[in-house]
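Chemist: If you scroll down you'll find the structure; I have some questions about it.
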Amino acid sequence: MIPLGTAAPDFALPDVVSGDVLSRDAIARGRPLLVVFASRHCPYMQHCKMELARLGRDYGDRVGMAAISSNDAARYADDKPESLAEMAAEEGFTFPLLYDESQDVARAYSAMCTPDTYLFDADLRLVYRGQLDDSRPRSGTAGDGHDIRAALDEVLTGRAVDPQQKPSMGCSIKWR
């Protein structure tokens, strides 16, 4: 797990929808940056994908946001770029869904699972890494993004983000 205060690792990855290669700086554009490691096949992602779409709609004008899929698509067909593009369209994602075929970006971020969430301030220093909220698949509780929304609101109002953060929980990244 990368420590709080760490600079956001740079990246340049293709968007599965547009095909454009997008960089960290092009997405952040001087704003805070939210990066979520994602997949399509994982039950935890299935559970939270609607909340990710809501986060994009609610914060997208004030925060750079990207989802990144780093899973081995040769072993998990649902995580191929064309399948991810379908998910982005179905869920109405308003942010890019990037494909990390080499898995180098996931390694640089020390990402372990999907979803795995990282929030950086406008100086691109890590202020939050952890879960979206306390909901889980089959828990009967809908995801509301409580934890990440609290961190986003703190960053956007210039307050310090609480360093007591719950780790992400989800399906492990499928490494090659």
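Readers should treat all values here as calculations from the given coordinates under stated rules, not as data from a laboratory. Note that this is a predicted model, so its numbers are computed, not measured. Cβ atoms come from the backbone with ideal geometry, glycine included; neighbour counts cover every protein chain shown.
Chemist: Taking the DSSP beta bridges in the chain as the whole, what percent of them are antiparallel, to the nearest 5?
Modeler: Within the chain, antiparallel bridges account for around 65 percent of the total.
Chemist: If you take every residue apart from ALA89 with its C-beta less than 14 Å away from the C-beta of ALA89, what net charge results, scoring Lys and Arg +1 and Asp and Glu -1?
Modeler: Counting the neighbours of ALA89, the net charge comes to -3.
Chemist: Separate question: At a 10 Å Cβ-Cβ cut-off, how would you order HIS47, HIS41, fewest neighbours first?
Modeler: Going from sparsest to densest Cβ surroundings: HIS41, HIS47.
Chemist: Contact order normalised by length for the chain, with contacts defined as Cα pairs under 8 Å and 6 or more residues apart; what percent is it?
Modeler: With pairs under 8 Å counted, the relative contact order is 29 percent.
Chemist: Of the options GLY92, SER70, PRO14, report the single residue whose Cα projects farthest towards the positive end of the charge dipole of the chain (beta-carbon charges: Lys, Arg +1; Asp, Glu -1).
Modeler: SER70
Chemist: Let me ask something else about it. Straight-line reach from LYS174: which lysines fall under 19 Å, measuring Cα to Cα and dropping same-chain residues less than 8 apart?
Modeler: Output for LYS174: LYS49, LYS80.
Chemist: Determine, from the Cβ-Cβ distance of ARG29 and ARG159 and an R0 of 22 Å, the FRET efficiency 1/(1 + (r/R0)^6), rounded to the nearest 0.05.
Modeler: 0.50
Chemist: Which Rg and Dmax, in Å, describe the Cα atoms of the stretch 12-172?
Modeler: According to the Cα coordinates of the stretch 12-172, Rg and Dmax are 14.4, 43 Å.
Chemist: About the Cα centre, and with charges only on the beta carbon of Lys, Arg (+1) and Asp, Glu (-1), how big is the dipole of the stretch 1-119? Nearest 20 debye, please.
Modeler: Using only the charged Cβ atoms, the result is roughly 360 debye.
Chemist: Under a Cβ-Cβ cut-off of 11 Å, what is the net charge of the residues other than SER70 that fall near it, where Lys and Arg count +1 and Asp and Glu count -1?
Modeler: -3
Chemist: While we're on this one: Given the -39500 (n - 2.57) contribution per DSSP H run of 4+ residues, what per-residue ellipticity at 222 nm results for the chain, rounded to the nearest 500 deg cm²/dmol?
Modeler: -8500 deg cm²/dmol
Chemist: A follow-up question, please. If you line up the Cα atoms of the stretch 52-135 on their principal axes, what length do they span on each, largest first, in Å?
Modeler: Here the Cα extents, ordered largest to smallest, are 35, 28, 26 Å.
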